[in-house]
Structure formats: structure tokens, C-alpha cells
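The values are calculated or read from the model by the stated rules, or taken from the named source; none is laboratory data. These figures come from a predicted structure and were not determined experimentally. Cβ coordinates were reconstructed from backbone atoms using ideal geometry, including for glycine residues, and neighbour counts include every protein chain displayed. Surface accessibility is based on the protein's heavy atoms, side chains included, excluding ligands, DNA and RNA. Shrake-Rupley method; radii C 1.70, N 1.55, O 1.52, S 1.80 Å.
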Amino acid sequence: MQQIPALGLGTYRLKEQQVIDSVRNGLELGYRHIDTAQIYGNEAEVGQAIAAAGVPRSELFVTTKIWIDSLSADKLIPSLKESLRKLQMEQVDLTLIHWPSPNDEIQVAEYMAALMEAKAAGLTAQLGVSNFTNAHLQQAMEVVGADQIATNQVEIHPFLQNRKVVDFAREHGIHLTAYMPLAYGKVMTDPVIQEIASKHAANPAQVALAWALQQGFAVIPSSTKRSNLESNLGALKLTLSEQDMAAIAKLERGERLANPDFAPQWD
């Protein structure tokens, strides 16, 4: 099973030429992990940028996510085939359930079984979940086994550290991917993070990413600027001290940025 690359390129909110440029720049700079989703409305452009870049498919790790209107057993695989058509790929490396079904109208067992079927059919190399509460994760494990869940992709940044979810996933050996790791840029203005950054001759974004990476999470920041994409890669070379990590741990304030009206009851 191919490991999820630690630092990936997120494409949330990026559309049309903007996402093509971001993916092209990212691939030129050395990113090999690209994260998209059906609801982003940019799979075709991501596929176009990847095809144009000429990077061997075997070097790439591409993730997409099944939207809530395609979770039923009769819709999940057709929707994934449509994603593959847009991405110009025969297989993605990872397919996630983007959100649990609103109000659990469709049972976790139904869509996890369909996702396993998609894997057996070779449409996806690995499967996982996103925005799952501990209760949803428990149900998913009961259907497919913890060893089949490649990651739980959840919002994690210094201001929302999601510790209950992190602890539960770790207890069951499930990897975590942190989305919105820069809290929409809010980390850039935090005085604690700024101080740590100046001490390391780094920038606040690199510090926030290094903080997540050092905890074993994958991170998928997005950016439209090539300079920021390049700078974010610097987080891989940054090592924070225990004091730095402890100082950032104190920044937790339960500040959840992704909380749509169909979100589950959070832990």
C-alpha cells in the first residue's frame, strides 16, 4: 500500500485556470500528492494539468472524494467512474467518503461496502474517510476493518486541534490528514506562531505545517501563488522543539472553519 505523501497540494475553492496553474506549479516544484473532490468542480481541470505536466503516473498520489449525493450503493461506483473520466485516469490512489451521510440517511455500512467494491474493481488503490466523527469511524471499521482505512481527513490546525478524533484514530492505528492546516491564513497573524517562525528563520505557514507533520499527519495546504507553494515545501525541513510544540498546543480554541449545516455532531 503506497504511503500517503506527507505534504500534498489541496485544490479546495480553486477553479478553472486557477486550479490548472496551481497544480502545474505544484508539480513543477516537486509536489506529487494532489487532493481534489467531486464537489470542488475541478476534477477535469486537475486531470488536464496532470496530463500536461508529463509526470509519470506511478510517481503521483491522487485523491478524490465522493460527495454526499452519491453515497448510495447504486450511485457511488458510477460517480467514481465519472471522476476518473474527468481526471483522465484509470485509477485514483485514494478515494474518500467526503462527509458522512447527512442525518445518517444512508448507513455507513452501505457506502463503505460500495467503496470496498470500487477498490476490488481497481477504480481506487486505497479508500478512506473524511469529516468522520469517532462514532462514524467506529462503524466504518466494523465494515471494512481499520487496516483498510488509509486516512481520516479532518480539519486540524493550531486553533482546532481535534484531539478526541486524533486520539481515537491513533488508538486504532488510523492515519490522519489535516485539511485547512493554515486556518485560511489565520496562522500568519498569530503572535505565538510568528515568534516561533522568527526563531527558526521560517515563516508562520511553515511552522503550522511542521507542527502538523511532526505529529504524523499528512497536510494538504492550497495556494494560488507559486511562491507560497514553494515556501510550504520548506516545512518538510523544519524541526520544531518540544517547547515550540507545547506553545502551539496551547493555541487550541475550538475554532472550526468547516461546519456546513449537514455536518455531523462533532466530537
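Net charge near Ile220: determine it from the other residues with C-beta under 12 Å of the C-beta of Ile220, scoring Lys and Arg +1 and Asp and Glu -1. Each step should come with its number before you reach the end.
Details: positive: Lys65; negative: Asp35, Glu155.
It works out to a net charge of -1.
For the stretch 5-65, calculate the relative contact order in percent as a whole number, restricting contacts to Cα pairs under 8 Å that are 6 or more residues apart. Write out the running numbers ahead of the final one.
On the way: 83 pairs, mean separation 25.2, N = 61.
With pairs under 8 Å counted, the relative contact order is 41 percent.
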* Give the residues of the stretch 172-200 whose amide nitrogen is closer than 16 Å to a point set 7 Å from the Cα of Thr239 in the direction of its Cβ. => 200
* Lys186: which lysines have alpha carbons under 30 Å from its alpha carbon, excluding same-chain residues fewer than 8 sequence positions away? -> Lys15, Lys65, Lys164, Lys199, Lys225, Lys237, Lys250
* Could I have the simple spin-label model distance between Lys225 and Asp261, label points 7 Å from Cα toward Cβ, reported in nm to one decimal? => 3.5
* **FRET efficiency for Lys75 and Arg163, using Cβ-Cβ distance with R0 set to 35 Å, rounded to 0.05** => 0.50
* Structure fact -> Expected vector for the stretch 219-224, Karplus 3J(HN,Hα) from phi with 6.51, -1.76, 1.60 and θ = phi - 60°, integer Hz, x for Gly and Pro, equals 10, 9, x, 10, 7, 8
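Need one number: convex hull volume per residue for the stretch 1-113, Cα atoms only, in Å³.
Values: hull volume 11.8 nm³, N = 113.
That works out to 105 Å³ per residue.
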* **For the stretch 9-250, accessible area per residue (1.4 Å probe, heavy atoms of protein chains only), Å²** => 41
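How many percent of the accessible area of the chain is carbon or sulfur, using a 1.4 Å probe?
Details: 5600 of 11500 Å².
With neighbouring chains kept in place, the figure for the chain is 49 percent.
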* Grab the other residues whose beta carbon is less than 13 angstrom from that of Met1, score K and R as +1, D and E as -1, and report the net. => -1
* How big is the gap, in Å, between the Cα center of the stretch 8-76 and the Cα center of the stretch 238-252? -> 32
* Potential lengthening between Ala51 and Lys250 on full extension [0.36 nm per residue; Cα-Cα distance subtracted] -> 67.3 nm
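If the chain between Glu59 and Glu105 were fully stretched, how many nm would it gain, using 0.36 nm times the residue separation less the Cα-Cα distance?
Numbers: separation 46, 0.36 × 46 = 16.56 nm, distance 3.81 nm.
Taking 0.36 nm per residue and subtracting the Cα distance, the gain is 12.7 nm.
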* To do: Please tell me the relative contact order of the chain in percent, rounded to the nearest whole number, where contacts are Cα pairs under 8 Å and at least six residues apart.
  => 19
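Restricting the count to DSSP beta bridges whose residues both fall in the stretch 9-250, what percent are antiparallel, rounded to a multiple of 5? Before the final figure, lay out the partial values.
Working: 1 of 24 bridges.
Counting only bridges with both partners in the stretch 9-250, antiparallel ones make up about 5 percent.
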